[in-house]
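The values are calculated or read from the model by the stated rules, or taken from the named source; none is laboratory data. Quick caveat, the model's predicted, so the values are computed rather than measured. Please note: Cβ atoms are built from the backbone with ideal geometry, for glycine as well, and neighbour counts cover all protein chains shown. Note: accessible area is taken over every heavy atom of the protein model, side chains too, but ligands, DNA and RNA are not part of it. Shrake-Rupley method; radii C 1.70, N 1.55, O 1.52, S 1.80 Å.
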Amino acid sequence: MKRMMMMAMMAAATMTAFAQADVVKNAKKLLDKGDVEEAIKAVQPALNAGTNEEKASAWNLLSTAYYQTFADIQAKKIENQVKQTNVPVDEPTMHASIVSAFEAALKCDEYDNMPNEKGKVKPKYRAESQKIYQNGRLQCINAGQYEYNQKNYPAAFKAFALYVESGDAPLFTGIDMSQDQFKTEVAYFASLAAYQSKDYPNVIKFAQIAAQDESKAKDVTEILVFSKRETMKTHQDTLEYIDMLKDASAKFPQDQRYSAWIGDYYLNSGNNEELLKWAEGEIAKNPDDKFGYTYKGEALRLSGKFDEAVECYKKAFEIDPTYIAAAYQAGVSLNSKAIGLKDQLADKKTGMLTKANADKIKVILTDAKTYLEKVRELDPNHETVDWRYALYQMYYSLGESDKASEIEALLGNN
């Protein structure tokens, strides 16, 4: 009985082996006839069944089929360029095929270098795959660029990541892959594609690879900061984010966005003392830090110190005469000062002002108007700040009715 069972098991194994071989043979026949799509479908059952040799054979055929698809479409594209024609080509399929072909080649190499039934490793496909994919690997960059431009970020990431990670693949054993001039650049774009897909672990992974190139440090820092900001959940995350911003600001002082983001954090947290302390520290490090003066102004304004706040805004606008936010805050803060002074100087019974006191108010409002008019000049379509109501209020308070009517008409276009 045991002998019969063993014979039955051996027979079943033999039939399975023949079945696997038949699947690959059938797929190859289809491929040889040019029926590539059917060959790809036909070989699927053999990819993860049978011996290591059979799996390697199946994956090799799959790689060949996808590569043939890629090569055929690429040939048509090149022919267009040579003949200066515009015959439509299936670029999405071309780029997807080279990625699938390379993935299959790597899988083939994995099984091709596993022990066979006799316990020996006798690779059949590596040499040929090396010839094809030393150049074919570069096509993954083109595939990634194409998909990224199409905003298909997961596919772009897949292509870029495949290029970066395959440099260390066993497939290229015996070939010096250390002088890869594209690796860090492609790693950065892999990180960027991962960011667009909200795949933050891969953002970090590939950004760290890109950071091996010092010239990428600024770009890498930026994307890591963005990722941290979007994934903050705990108080500790917030502290780490602020530390990242401070490090980035120190490393890249010319990029003042980091200072602005730190200021935004302190401002939004409502901690005026910490905001003022930080802003004064920034000004001490760089007397021409427009953000430092602006955020100092914010801290002072929120503390009711309008005169000091206005001087800070004016200083920031003096440093950068195109800095709309500073000019706007100077204007609205001067208006707040005028309102406060009017309430203070008005007759307690009648609410009226003496001519001398009215003139004091007018001087402040005129100063405010100057800054708000500058804002209008810099931002005519009120895209950065909506200056319309504040400027209308200035004209109305100063009795400039024609100008007030003009702005009122703009307000009616909301």
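Restricting the first member to segment 42-66 and to residues that are touching a residue at least 60 places away in the same chain (Cβ under 8 Å), and the second to residues that are open to solvent by 40 Å² or more (accessible area, probe 1.4 Å) and of a type in the set (Asp, Glu), the beta-carbon pairs closer than 7 Å and six or more apart or on different chains are Thr51/Glu117. Among residues of segment 112-131 that are within 14 Å of Leu171 (Cβ to Cβ) and open to solvent by less than 60 Å² (accessible area, probe 1.4 Å), those with a beta-carbon under 6 Å from a residue that is in a helix (DSSP H, G or I) and acidic (Asp, Glu) at least six positions away or on a different chain give the pairs Tyr125/Asp112; Arg126/Asp109.
Yes/no matrix, rows are residues, columns are (1) surrounded by 15 or more Cβ atoms within 10 Å (Cβ to Cβ); (2) under 22 Å from Tyr125 (Cβ atoms); (3) of a type in the set (A, V, I, L, M, F, W, C); (4) modelled with pLDDT of 90 or more:
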{"site": "Asn26", "(1), (2), (3), (4)": "yes, yes, no, no"}
{"site": "Glu54", "(1), (2), (3), (4)": "yes, yes, no, yes"}
{"site": "Leu62", "(1), (2), (3), (4)": "yes, yes, yes, yes"}
{"site": "Asp90", "(1), (2), (3), (4)": "no, no, no, yes"}
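Based on what the data block shows, is Leu341 in a loop (DSSP other than H, G, I, E, B), surrounded by 14 or more Cβ atoms within 10 Å (Cβ to Cβ) and modelled with pLDDT under 95? Answer is no for this residue. Does segment 258-267 contain at least one residue that is exposed (fewer than 13 other Cβ atoms within 10 Å of the Cβ) and either within 30 Å of Gln181 (Cα to Cα) or of a type in the set (D, E, K, R) (or both)? No, because not a single residue in segment 258-267 is exposed (fewer than 13 other Cβ atoms within 10 Å of the Cβ) and either within 30 Å of Gln181 (Cα to Cα) or of a type in the set (D, E, K, R) (or both). The sole residue among Asp347, Asp307 that is in a loop (DSSP other than H, G, I, E, B) and free of Cβ contacts under 8 Å to residues at least 40 places away in the same chain is Asp347. Among the residues of segment 79-95, those identified as closer than 20 Å to Gly144 by Cβ and without any contact (Cβ under 8 Å) to a residue 60 or more places away in the chain are Val89, Asp90, Glu91, Pro92, Thr93, Met94.
Of the residues making up segment 361-410, those that are farther than 14 Å from Tyr328 by Cα, open to solvent by 40 Å² or more (accessible area, probe 1.4 Å) and of a type in the set (A, V, I, L, M) number 3. Among the residues of segment 270-303, those identified as polar (S, T, N, Q) and open to solvent by 20 Å² or more (accessible area, probe 1.4 Å) are Asn271, Asn272, Asn286, Ser303. Apart from one condition, Gln139 fits all of (1) farther than 19 Å from Phe182 by Cα; (2) of a type in the set (S, T, N, Q); (3) in contact (Cβ under 8 Å) with a residue 40 or more places away in the chain; the exception is (1). Taking each residue of segment 371-398 that is touching a residue at least 60 places away in the same chain (Cβ under 8 Å) and looking for partners that are of a type in the set (Lys, Arg) with beta-carbon atoms closer than 6 Å, six or more apart or interchain, yields Met394/Lys369.
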